[in-house]
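Everything on this sheet refers to the single structure shown next.
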Amino acid sequence: MKKVIVDCDPGIDDSVAILFAIGSGALEVVAITTVSGNLTADRCALNACKILELIGADHIPVAAGMQTPLVRPYPKDPFSHGDDGLGNLGLPSPKLKLDPRFAPDLLTATVTAHSGDITILAIGPLTNIALAVMRDPDLPKKVSELIVIGGAYGFNDAGSTRATGDNPVSEWNVYVDPEAAKIVFEAGFKLTAIGLDVATQDKIGLDASHRARLVAATAKPAWFLKGVVDFVERRGFKSYCALIDSLAVAAAIDRSIILTEPVRVGIEVRGELTLGQTVVDRREHFQWTHLPLIEAASDIDAGRFLDLLLSSLG
Ligand SMILES: [Ca+2]
């Protein structure tokens, strides 16, 4: 089984992604590290524990990272995940104790212990990964792949029409901690990014047949997904909002579900109107070859993604 660390900010869609990763049977989740994003890192860690207890997976260590981004204040998320960050479904307070280590320390220790054999799913802002890289600059060489949910890469107009950061051109995870994103993108990871271009496509949402499968399902992860999709839709958003982070899990399980293209990307860390924009250099002449080359998702086989997700959630 492929070993993964889930670095996350649960959060509704992070929680679905955790349930998906564990339920798939194709991934071994060896650690969960939480970052300030949808909620502050301490609350995200408690939520990760609640999700693990829901399915009895309390052997997985959970550690919390910084309460703020690297150098900026923690911004308020305009997209609410509910009072508890989990769609107000009433999950009980967890008994599971947090790993006492600082999240970047658990990350580096786990990667080093399984050097060459770990995929990191970074489905929140990149603060923890940046700190881990600053502490251990060889980290990118020890990680087999880093799959990031973040940014927008100009494959369609979602980077503007569906921008989630608090300006017209940025995506939330990069917007929250652009300095961290810059460090991580430039660190030399084998990096795949799944941005708004793919993550906000309507075809990723549930159709009538998926809903029928969910209604018929009795397993707790399916109950959770049903509840958070209801929560999201009651507030006027589309069901894909509950599924975005699961794209990283699907890509880790079966790369052929997403289509990627190599792009050169810089992270905007100073723009007054453009903070956190992932700027892709597609120029035919004078291209900035110093910008990191990453693989960015340009399309997805949504049918296979949803099939895999629903069968994994039981
Ligand atoms: Ca997230």
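Computed from the coordinates by the stated procedures, all read-outs in this text should not be read as laboratory data. Everything quoted here is computed from the prediction, not taken from an experiment. Note: ideal-geometry Cβ built from the backbone for every residue, glycine included; neighbour counts use all protein chains shown.
Mean sequence separation of contacting Cα pairs (under 8 Å, at least six apart), scaled by the length of region 174-267, corresponds to a relative contact order of 32 percent. Full extension of the chain between Phe286 and Ser160 yields a length gain of 42.8 nm, computed as 0.36 nm times the residue separation minus the alpha carbon distance. Straightening the chain between Ser80 and Lys95 buys 2.9 nm, computed as 0.36 nm per residue apart minus the Cα-Cα spacing. Go through Lys50/Lys190; Lys3/Lys97; Lys142/Lys238; Lys76/Lys226 and tell me which ones have a Cα-Cα distance over 29 Å in this structure. In this structure, Lys50/Lys190; Lys142/Lys238 exceed 29 Å between Cα atoms. The orientation-averaged projected area of the convex hull spanned by the Cα atoms of region 189-270 comes to 7.8 nm².
Hull volume per residue, based on the alpha-carbon atoms of region 124-271 and their convex hull, is 137 Å³.
In this simple spin-label model, placing a label point 7 Å from the Cα along the Cα-to-Cβ direction at both Asp230 and Asp58 gives a separation of 2.6 nm. When only the Cβ of Lys, Arg, Asp and Glu is charged (+1, +1, -1, -1), the dipole of region 1-156 relative to its Cα centre reaches about 200 debye.
Note: relative contact order over the chain, using C-alpha pairs below 8 Å and six or more positions apart, is 20 percent. Separation of region 127-151 from region 58-116 is 16 Å, based on Cα centroids. P(r) for region 254-314, from all Cα pairs and a bin width of 5 Å, is 4, 15, 16, 15, 14, 12, 11, 8, 3, 1, 0 %, short bins first. In loop segments of region 270-312 as defined by DSSP, the trypsin sites (Lys or Arg not before Pro) with at most 13 further C-beta atoms inside 10 Å of their C-beta are Arg270, Arg282, Arg283.
Computed over the Cα atoms of region 1-105, pair by distinct pair, the Kirkwood hydrodynamic radius stands at 13.8 angstrom.
How much of the DSSP bridge set in the chain is antiparallel, in percent, rounded to the nearest 5? Present the calculation step by step, with values, prior to reporting the outcome.
Values: 10 of 36 bridges.
Around 30 percent of the beta bridges assigned by DSSP in the chain are antiparallel ones.
At q = 0.10 Å⁻¹, what log₁₀ I(q)/I(0) does the chain have when each alpha carbon counts as one equal point scatterer in the Debye sum? Log10 I(q)/I(0), no solvent term: -0.48. Between Val143 and Gly116, the built amide H atoms are under 5 Å apart, and every one of these is 5 or more places off in sequence or on another chain.
For region 164-207, count the residues as N, evaluate 2.2 N^0.38 Å, and divide the Cα radius of gyration by that value, please.
The value comes to 1.38.
Of interest is the spacing of the C-alpha centroids, which for region 236-293 and region 1-41 amounts to 20 Å. Net charge dipole, the chain: roughly 420 debye, given to the nearest 20, about the Cα centre with Cβ charges of +1 for Lys and Arg and -1 for Asp and Glu.
All other residues whose Cβ lies under 12 angstrom from that of Ala163 are scored, Lys and Arg at +1 and Asp and Glu at -1, for a net of -3. Taking amide hydrogens as placed 1.01 Å from N in the peptide plane, the amide H of Leu86 sits under 5 Å from that of no residue at least 5 positions away in sequence or on another chain. Each pair of Cα atoms in region 47-135 enters the Kirkwood radius, and Stokes-Einstein at 10 °C and 1.306 mPa s then converts it into a translational diffusion coefficient of 106 µm²/s. Using the Karplus relation 6.51 cos²θ - 1.76 cosθ + 1.60 with θ = phi - 60°, the per-residue 3J(HN,Hα) values for region 79-95 come to 9, 6, 9, x, 4, 9, x, 10, x, 6, 8, x, 5, x, 4, x, 8 Hz, with x marking Gly and Pro.
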